[in-house]
Amino acid sequence: MTTRTVPWTPPRGSEVEMVKVGPHWDVLRAPAEIGERALELLGDASGAVIADYGLMYWLIPAGHAQDWPRLQAGIHALGAQGAEVAYVGVPPAHWRGGPRLHWRLPVGPDRYLTDPGRLREALVRAIAAEPVEGATAW
């Protein structure tokens, strides 16, 4: 499910905008190594994704972070229902190259929010495929 309605748009200028998580969307943050594998598994089912050096941020529907199960260290859901207010740095719409803060998959008419269930499934599969540090490949 990637919603087609885009009631929010990223900044159009040349400055990063700090956006409060919750009013428009919640965020799922994952390490880039796992995130890239999850992105491959999601394919066209992925909504918009922000990348910043070693992290990836998926936009998910508001209110879904509170129900996000713990998967592993480094994967966190950020939402308005938590005890703390969270903000995410959002790059201008035209920033599409890294490694600095940029859109890995930009918001667009056919790409906005990622279905949390499908994202969770992709992340679980991506974690299972993660090589174990120190393991020998045969």
(Q) Let's test the formula: R0 of 35 Å, r as the Cβ-Cβ distance of Trp8 and Gln72. What FRET efficiency results, to the nearest 0.05? (A) 0.75
Q.
I want to check the label-to-label distance for Arg125 and Tyr53. Put each point 7 Å from Cα in the C-beta direction and report it in nm to one decimal.
A. 3.1 nm
Q: Note down the magnitude of the dipole of region 1-84 about its Cα centre, charges +1 on Lys and Arg C-beta and -1 on Asp and Glu C-beta and zero elsewhere, to the nearest 20 debye.
A: 160 debye
Q: Mind telling me which of Leu78, Leu123, Leu42 comes out most flexible in a GNM of the chain, alpha-carbon contacts under 10 Å?
A: Leu42
Q. Can you give the relative contact order of the chain as a percent, counting alpha carbon pairs under 8 Å and 6+ residues apart?
A. 37 percent
Q) On full extension of the chain, what length is gained from Arg96 through Glu15, given 0.36 nm per residue of separation minus the C-alpha to C-alpha distance? A) 27.8 nm
Q. Relative contact order (percent) for region 1-60, with alpha-carbon contacts under 8 angstrom and 6 or more residues of separation?
A. 39 percent
Q) Can you give the helix-only mean residue ellipticity at 222 nm for the chain, where every DSSP H stretch with n ≥ 4 adds -39500 (n - 2.57) and the sum goes over all residues, rounded to the nearest 500 deg cm²/dmol? A) -5500 deg cm²/dmol
Q | Cα-based helix-to-principal-axis angle, 32-42 vs the chain, degrees rounded to 10 | A | 80 degrees
**Q.** Where trypsin sites (Lys or Arg not before Pro) in DSSP loops with at most 16 other Cβ within 10 Å are excluded, longest remaining stretch of the chain
**A.** 13-69
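Would you mind telling me the share, in percent, of accessible area of the chain contributed by carbon and sulfur at probe 1.4 angstrom? Can you show the working numbers first?
Details: 3860 of 7590 Å².
Answer for the chain: carbon and sulfur cover 51 percent of the accessible area.
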Q: Enter the angle in degrees (range 0 to 90, nearest 10) between the Cα long axis of helix 116-129 and the first principal axis of the Cα atoms of the chain, meaning the one along which they spread out most.
A: 30 degrees
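The values are calculated or read from the model by the stated rules, or taken from the named source; none is laboratory data. Since the model is a prediction, treat every value here as computed from it, not as a measurement. Quick reminder, even Gly has a Cβ in these numbers, built from the backbone with ideal geometry, and neighbours come from all protein chains shown. When the accessible area is computed, the model is the full protein with side chains, heavy atoms only, and any ligands, DNA or RNA have been set aside. Shrake-Rupley method; radii C 1.70, N 1.55, O 1.52, S 1.80 Å.
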